[in-house]
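Every read-out reported here was derived from the displayed coordinates using simple, explicitly stated rules and does not represent laboratory data. The structure displayed is predicted, hence computed values, not measured ones. Methodologically, a virtual Cβ is constructed for each residue, glycine included, from the backbone with ideal geometry; neighbour enumeration extends over all protein chains shown.
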Amino acid sequence: MTSKNLPPWQFEAFRNFLSFEMLQQACAALCSRNGISLSRAEKDLRYLNDSLLARTGREWTPDRIPGGNVVWQTEGSLFRNKKRVFTGFYLLDPSAFDDLGVLSLTDFGQALGLGLVSSNEFYERIVKTFEFPHPAYRENWEWWTGANLKLRPLALILEVLIYLSEFSSEFAGISIAEMAHFGGATPMNGTGPEIAKRILESRMAGGSFSHTRSDALDRKIGDMFGFLAMTPFAVKRGSELALNPLRTDAENSVNSWLSVEAIKEIVAPLTKEGL
Amino acid sequence: MSGIENDRNIEFLKKSSYVQIENTYFADPFNELLGAALQNFPVILYGPPGTGKTRLISLLIERLRADQCLGKYELVQFHRKFSYEDFIEGYVPTEIGFSRRDGIFKEFCSTPSAGGLQDVFIIDEINRTDLASTFGEVLYALEDRSTRTVKTAHFGDEFNIPVNLLLIGTMNTADKSIANIDFAVRRRFRFIPVFPDKFELLTWISEFDWQVEEFSISDYIRFFERTNLRISGSKQLGSHMQLGQSLFVPTQGGGAITIEEITRNFRDFILTQVEAYLGFGNLQGLATIFNGLVAEEFISRRQVNSSAFSALVNESVTDKSE
C-alpha cells in the first residue's frame, strides 16, 4: 500500500491545548457564551478570547495579528484556528460552524465546563471514543465509512504497548516510525497484538526496517503520542512512548502502580450500548 | 441534508452525549445521597431547575429524623452578596463602630450534636457566590476532619468541621455561573446528578384531581418526555437545560387540575422558561421545541389557548418518531 492511499489518521497538532486542565477551563469559558451567534458576534468572540486567555494563560487566536489599529481579523479568528481542538474531542458541535449557526457546546463539552468530569474520566473517555471514521472530520469520515472500516487509534497504540510490556519490559516502548510502519495501514494490518508481534519480530531480527516518513501519518502518530503522554496511561521516554508504570491520581494525591488490567478495560472494544 | 451528513451528525451526537452515561451510574439520586450521608461525605446535587434537588434533601432530613439520627440542620441560600464574613466570620458595623461576629457556618460547627447524631448543613444555590473566597479555610478543614484544625483568617480562632456534619449543596446546571467553581472546591465534593424524572412527575400529578378531558395524565407525561428530548437534542440548549418535573405541575388550583389551569401553567412557566433559554422573541426556536402554532400565538400575543395546547400534547402521543 502506498502512502497515498493509506487510511487517513487525523489528530490535532495543538498539543499544549489538549490537556484536561486546559480544555476544562476553556469549556468553562465557552459555557458562559454558549448559544452566541457565530456569524455576527465579533464582540462576543473577542470577549470569549479574553476569557480563554484569562482562564488558561494562553492566547487561543493565532499569533499573526498585527499591532496598530488592527485588533481582529477573520482569517485569524479563534474558531478558524482552534475549532478542531474542540470538535475533535466532541466538545463543540461541528455542524454549527458549517451552517454559521450558534456556538454549541455538546453535552460532554458542557459537563466538562461545568466541572462534572474528572481528569481521569476525561482521558479515559477520549481514548475510548476517539474513533475513525471521525464525525468531526468530513474527509476522514468519508474515507473510513466508504471503506467500511473502524479504528480507535489511541486505544490501538495503548493496546500495542500493553502487549509489548507483557512480553518484556525491555521491549515495552515504541517509536513513531515503528507505529507508522507496522500499524499505519491498520486495521488492514491487523489488531494490536498482531502489530506488537511484528514489532517484536523486527526488533529480534536486528530492528532495522525501511520506512518512508509520511507527514500525514507519522506526524499524526507523533501528535497522538504527545497526547497519550499527558494521560495517566503512558509516558514519553525520549522519542518513544511507553506505558506509565507509576500512576498518579492527582485527585486523591496518591501514586499507585499501573494496573495493566485497568488499561485493558479502557482499550477493550466498545460494547453495543457503549459510547 | 444528505444521508452521510445525517449519519455523521448522529454519530457525533452519540459520541458527545454525557448525561445518558451519568444516568446509568446514578439511576437513583436519593440512594446516592443516602450513601454519601452515611459517610458524611460532602455532596452537591446538580441538575436542571425543577428536578427536585431540594425535595431530595427534605426526604433525607425526614429519613434521618425517622431513624432518630438527626441532630440539627440549617439551610442557607448563597447569592452574590453572600461572603466569607457571612459564612465564617467578620466585623459588622454597629452604632458605635464594629463588632466581631461569627458567620452562620462557624456558629453551626461550634456546637456539634453529641450521641452519634448527624448534623446537616445545606447550601442552596451553592454556585451563586465566589466559592473559594466564601469558603476560605473551610476547604482545608473539610478533609481529615477528625485531626484537622485551621486558624480563621480574621480572628485567628481554631476552627474545625465536626466529623458528624453532612454538608449538602445544590446547583442548577442551567445557570451559567456554575462554570466558575474551581478545582479545589470540586474535588472535595461528590457530584450527584438529578435530572428530570417522569416517574416523579407521575407520582406527583396523580395526587391531584385530574379534571382535564382533552388528554390523559399519561399523554401529559409523554409531552413532558418529548419536550425534554427536543431540548436535549437542541444545539442551542442541550440536556442541562431540560425542564424539571416541577414546572409541569400547576400548584395553584387547590387540588384540582383543569385544562385552563394546565394551559396557563404551560404559558407562564414552561414557555417562558424555554423562551428565556432561547432568547426572547425567538419564534423559530420555540417552534422547534413545541410547534409553530403555539410559538406564534405566544410570541405575537403572549397567549396560548387551551385547544392549541391540547393539540400540542396530543401531537406528542401520536408522533412516535421521537
Inset, instruction - Percent of Cα-Cα pairs per 10 Å bin, from 0 to the last occupied bin, for chain B, please list those. - result: 5, 22, 27, 22, 15, 7, 1, 0
Legend entry - 20 Å Cα-Cα reach of B:K72 towards aspartates and glutamates, excluding residues that sit fewer than 8 places from it in its own chain: B:E62, B:D86, B:D102, B:E107, B:D119, B:D124
Legend entry - Average other protein chain Cβ within 10 Å of Cβ, residues B:227-239: 3
Inset, instruction - Give the Cα extents of region B:152-220 along the principal axes, in whole Å, largest first. - result: 66, 28, 20
Legend entry - Degrees between helix B:306-318 axis and first principal axis of chain B (Cα, 0 to 90, nearest 10): 90
Legend entry - For B:Y73, residues with placed amide H under 5 Å, excluding near neighbours: B:V120
Inset, instruction - Please find, in a Gaussian network model of chain B (springs between Cα atoms separated by less than 10 Å), the residue of B:F159, B:F280, B:F266 whose mean-square fluctuation is greatest. - result: B:F280
Inset, instruction - Please identify, among B:F195, B:F121, B:F155, the residue showing maximal mean-square fluctuation in a Gaussian network model of chain B using a 10 angstrom Cα cutoff. - result: B:F155
Inset, instruction - Treat the count of other C-beta atoms within 10 Å as a stand-in for reagent exposure and order B:D7, B:D67 from fewest to most. - result: B:D67, B:D7
Legend entry - Selection from B:T173, B:N127, B:T147 lying farthest towards where the dipole of region B:78-226 points positive, charges on Cβ: B:T147
Legend entry - Packing-based ranking, highest mean first, of A:156-162, B:101-107 given that Cβ atoms within 10 Å are counted: A:156-162, B:101-107
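Could the peptides A:104-116, B:43-55, B:281-293 be put in order, highest first, of the mean number of other beta-carbon atoms found within 10 Å of their residues?
Numbers: A:104-116: 26.1, B:43-55: 22.9, B:281-293: 17.1.
Packing order, densest peptide first, comes out as A:104-116, B:43-55, B:281-293.
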Legend entry - Summed side-chain charge close to B:F108 - residues other than B:F108 whose Cβ falls under 13 Å, Lys, Arg +1, Asp, Glu -1: -4
